[in-house]
Amino acid sequence: MLNQKSKILILAIVIAIVIVNVSIAQAGLVPCGTSTTNPCTWCDLGQLIANIIDFLVKIAIVIAVVFIVWGGFIIMTAGGSPERAKNGRDIIKSAVIGIIITLGAWLIINTVIKLVLQADIGPWNQISC
């Protein structure tokens, strides 16, 4: 039997995947390799990696927002219990730390991809070779 935290985590992951898939489904992972576009190059491989990482970051942010809302709900329903209020604050703090770590890692990986591909440092998070 799943405990309450496991059920919430599973629900958060399902919601995140559904929400992010809608935004990803409109654009392909790689803008090459079809009969109407140019053949794929190393730059397109970098774009594929960047697109996958962007997808994972979006999922992580949605999951973090769900946990922030859950932590707020626990605080609101604490009913004067300092233990439950502390638990809610800890959930919110962990979610915010998770967002900071995720975005920091995304920034580092995005910069490394651009440096390896020797791409222009043009618009934010767009690789142009």
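The values are calculated or read from the model by the stated rules, or taken from the named source; none is laboratory data. Fair warning: this is a prediction, and the values are worked out from it, not measured in the lab. Here the Cβ positions follow ideal geometry from the backbone for every residue, glycine too, while neighbour counts run over all protein chains shown.
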message: Give all pairs with beta carbons closer than 8 Å in which a residue from the range 43-69 that is free of Cβ contacts under 8 Å to residues at least 24 places away in the same chain and assigned to a helix (DSSP H, G or I) meets a residue that is surrounded by fewer than 19 Cβ atoms within 10 Å (Cβ to Cβ) and not hydrophobic (A, V, I, L, M, F, W, C); count only pairs at least 6 apart in sequence or on separate chains.
response: ASP44/PRO31; ASP44/GLY33
- line: Checked against (1) modelled with pLDDT of 80 or more; (2) under 18 Å from ILE61 (Cα atoms); (3) surrounded by 11 or more Cβ atoms within 10 Å (Cβ to Cβ), GLY104 satisfies every condition except (3)
